[in-house]
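Worksheet: one structure, shown below.
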There are 2 protein chains.
Amino acid sequence: MSGSTDGSARGRVTLQHIADELGVSTATVSLSLRSSPLVAAATRDRVQAVARSLGYVYNRSAASLRTARTNMIAVGFNDIVNPYFGELLAAIEETLAGSGHTVLLGTYSDDPVKQDRVLGTLKEYRPDGMIVCPANGARAASLRDVADAGIPLVQVSREISGVGLDFVGSNDALGTEAALDHLFALGHRRIAIIGGTDAMSTGANRRNAYRTYLAAHGMAVEAALMVEGFGTRDLGFAAVHGLLDLTSPPTAAVCFNDLTAFGVMLGLRHRNREAGRDFSVVGCDDVKEAALWAPGLTTVKNHHADMGRRACERLLARMVNPALTPERIVIEPTLVVRGSTTSVG
Amino acid sequence: MSGSTDGSARGRVTLQHIADELGVSTATVSLSLRSSPLVAAATRDRVQAVARSLGYVYNRSAASLRTARTNMIAVGFNDIVNPYFGELLAAIEETLAGSGHTVLLGTYSDDPVKQDRVLGTLKEYRPDGMIVCPANGARAASLRDVADAGIPLVQVSREISGVGLDFVGSNDALGTEAALDHLFALGHRRIAIIGGTDAMSTGANRRNAYRTYLAAHGMAVEAALMVEGFGTRDLGFAAVHGLLDLTSPPTAAVCFNDLTAFGVMLGLRHRNREAGRDFSVVGCDDVKEAALWAPGLTTVKNHHADMGRRACERLLARMVNPALTPERIVIEPTLVVRGSTTSVG
């Protein structure tokens, strides 16, 4: 047959089509497409030109069997609608595009059973590596299964204790301490913590830092002021109503993330109160939206774009040298003070 | 060698390991792993148990060469940080998980050159199909290249005129008319339009509907009231400052998307004005956040989760039957009235 495409939906151009068109062997075509020095430059250029004109597409699946690389990096996240994870994913996708990798995506909504299913599926594609933020309550064995199958894995943002795998994240306790220091200096003595659970590293670290800080500064740790849950706008919105209804309501809250803090700010307005005037709110993450609010959100900046870039760099290093000792790369957060916090009234 | 894994980072278990462990042929192992009726149930169960205990991972790359399917769907989006696209991607990812497909992701920031490069890379992975939201200014040839390579493609949210490929999106003009009808009924006669360009279908459709509506209702179409640009919070924030500084400022604005409208609402507060009191704002999309704002955002609901699901369904139908005639599936938007719009003062 001639090398022209027939226009049918699955009519793919093969090496044979190109070889027929030029009257050369398929080996010559294959070498030319890989720019091998074994083929004369003029032949190579002719083959590449014909391949382009016929719409030949290099087959990564076949190539990956030969080179044992797929150039795919799997990313497993709980939620990509939260702008924190959206922005983190964007940083990862951008960094990996620079190294010629494409992102294979799976999400699991903080459900550890769904996480195991999704990671199992991602594993079947034989990605060159994986970047994972573990689900609430995830077991070490779930991530070990991936690593034991020979797939380099870096944990990002959250980690599973004792799993012995790379981790890139924030110093959660330090961030919470900075937020509490700021509120304490403003005179607040009844401070709530909204969001997070003890079954995720970020939640446990922040809630423990809160308990320790309050005890060290002579404030009682009260269950009613510790609102547990996943960090969503809905949680913040509902929590602030409950907190304001307490006999002795708090005057401030540190939130698990910015999303929760936005919910708190909106809930306050529904109660005719204003963040930064009647109540102080500190977020965590510093998503782009935080600076644009009015008042702007005081928040713990987690440098999540850096976090994404560094997770990619660590993964690429481990792909080159699988024997690297696992590392914990912990980024120092910084408190960004804006208008949502004020002196106790 | 025995079938036990050596624990080295890339030490993958093969069919041969499992065959050696059980003293059966690799053909028996292969058939057993695919649950073939050619193998006795007891043998099959033994093989599968050993495969599991050794940590054998089915190789999708090898399987895809045999079946000519990769079970990957490529998704090309401009931006996943905008919650509209984040929520759309989440709906797509969830729908495709149900049909056993995994999402391969590429983004291109409304840059048509970057789009072509990203789509070219995605194409090399031989996805079973692609879902694409074209970049601002994208050419028909860019999407035709994908389809001509035998990869079924569905356009979502935006479409390229005359490309002759499936499209699932919103009736943009109808949405803009509904927003303008609402503002007109509230007495507004100077209405701005913020965001969108004529080089993307959604922008062109909405800007044209705005021009037509104003002319039909005796309002002059003024360049100063038509703020062109990509739909971001920053654009809305900056635009409202410029509009309020006009000699004869508008009393209301329809926005390209909710993100732009949130920027407008924040910009208003920076000027000591309040949406729904001193100025009326209508968004477009109805992202989850819109209902939580105070005041809530009046917006054109685009039903983007439905849009995502229907794009997946259309793609799956085309994968089964590539000869289907291309369709335009246009979802009717609905106006959701909340507190950000009010009678002209």
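Throughout, read-outs are computed from the coordinates displayed, never taken from laboratory work. All figures in this text were calculated on a predicted structure; none of them were measured in a lab. Using ideal geometry, Cβ is built from the backbone for each residue, glycine included, and neighbour counts are taken over all protein chains shown.
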Which three lengths, in whole Å and largest first, does chain A cover when its Cα atoms are put on their principal axes? 88, 39, 32
Give the share of C-alpha pairs in each 5 angstrom bin for the range A:70-121, from 0 to the last occupied bin, in whole percents, shortest bins first. 5, 21, 26, 22, 18, 7, 1
Using only Cα atoms and rounding to the nearest 10 degrees, what angle (0 to 90) does helix A:41-54 make with the longest principal axis of chain A? 70 degrees
Testing the spin-label approximation: label points 7 Å from Cα along Cα→Cβ at A:Ser25 and B:Ala41. State their distance in nm. 5.3 nm
Plugging the Cβ-Cβ distance of B:Asp245 and A:Ser161 into 1/(1 + (r/R0)^6) at R0 = 60 Å yields, to the nearest 0.05, a FRET efficiency of 0.60
Can you tell me the 0 to 90 degree angle between the C-alpha axis of helix B:201-216 and the longest principal axis of chain B, rounded to 10? 20 degrees
Debye calc, one equal point scatterer per Cα of the protein assembly as shown, no solvent, log10 I(q)/I(0) at q = 0.08 1/Å comes to -0.70
Applying 1/(1 + (r/R0)^6) with R0 = 45 Å to the Cβ-Cβ distance of B:Arg328 and A:Asp111, what FRET efficiency is obtained, to the nearest 0.05? 0.80
Give me a single rounded figure for B:69-81: the average over its residues of other chain Cβ atoms within 10 Å of their Cβ. 3
Roughly how many debye, to the nearest 20, is the charge dipole of the protein assembly as shown about its Cα centre, given +1 on each Lys and Arg Cβ, -1 on each Asp and Glu Cβ, and no other charges? 860 debye
Relative contact order computed over the range B:172-303 (Cα-Cα under 8 Å; 6+ residues apart), in percent: 25 percent
What list of ³J(HN,Hα) values in whole Hz, one per residue of the range A:317-334 in order, does the Karplus curve 6.51 cos²θ - 1.76 cosθ + 1.60 (θ = phi - 60°) give from phi, with Gly and Pro shown as x? 4, 6, 5, 6, 9, x, 7, 3, 5, x, 10, 10, 9, 10, 8, 6, x, 10
Applying 1/(1 + (r/R0)^6) with R0 = 30 Å to the Cβ-Cβ distance of A:Asp181 and A:Asn272, what FRET efficiency is obtained, to the nearest 0.05? 0.50
The set of residues whose placed amide H lies less than 5 Å from the amide H of B:Lys301, leaving out same-chain residues fewer than 5 positions away, is B:Asp285, B:Thr334, B:Leu335, B:Val336
Ranked from highest to lowest mean number of other Cβ atoms within 10 Å per residue, what is the order of the peptides A:79-87, A:257-265? A:257-265, A:79-87
To make sure I understand the rule: partners must be lysines, Cα under 30 Å from the Cα of A:Lys288, and not fewer than 8 residues away in the same chain. Which ones qualify? A:Lys114, A:Lys301, B:Lys114, B:Lys288, B:Lys301
Note the angle between two axes, namely the Cα long axis of helix A:233-244 and the longest principal axis of the Cα atoms of chain A, as a number of degrees from 0 to 90, rounded to the nearest 10. 10 degrees
Would you kindly work out, in nm and rounded to one decimal, the distances from the label point of A:Pro249 to those of the same position in each other copy, ordered shortest first, with label points 7 Å along Cα-to-Cβ? 3.2
Can you list residues whose amide H is under 5 Å from B:Asn71's amide H, if they're 5+ apart or on another chain and H is modeled 1.01 Å from N? B:Asp128
Per principal axis, largest first, the Cα atoms of the range B:139-243 extend in Å by 53, 28, 18
The rounded separation in angstrom of the Cα centers of the range B:278-326 and the range A:134-160 is 34 Å
Residues A:Met130, A:Met307 arranged by fewest to most Cβ contacts within 10 Å: A:Met307, A:Met130
Cut-off under 5 Å, modelled amide H: who pairs with A:Tyr108 long-range: A:Phe77, A:Asn78, A:Asp79
If one builds a Gaussian network model of chain B from Cα atoms under 10 Å apart, the most fluctuating residue listed among B:Ser109, B:Ser157, B:Ser170 is B:Ser109
Any chance you could list P(r) for the range B:87-199, counting all Cα-Cα pairs in 5 angstrom bins from zero, rounded to whole %? 2, 10, 18, 20, 17, 11, 8, 6, 4, 3, 1
Under a Gaussian network model of chain A whose springs join Cα atoms within less than 10 Å, the largest fluctuation of A:Val146, A:Val75, A:Val113 belongs to A:Val113
Quick one: putting +1 on the C-beta of Lys and Arg, -1 on the C-beta of Asp and Glu, what dipole do you get for chain A around its Cα centre, in Debye to the nearest 20? 520 debye
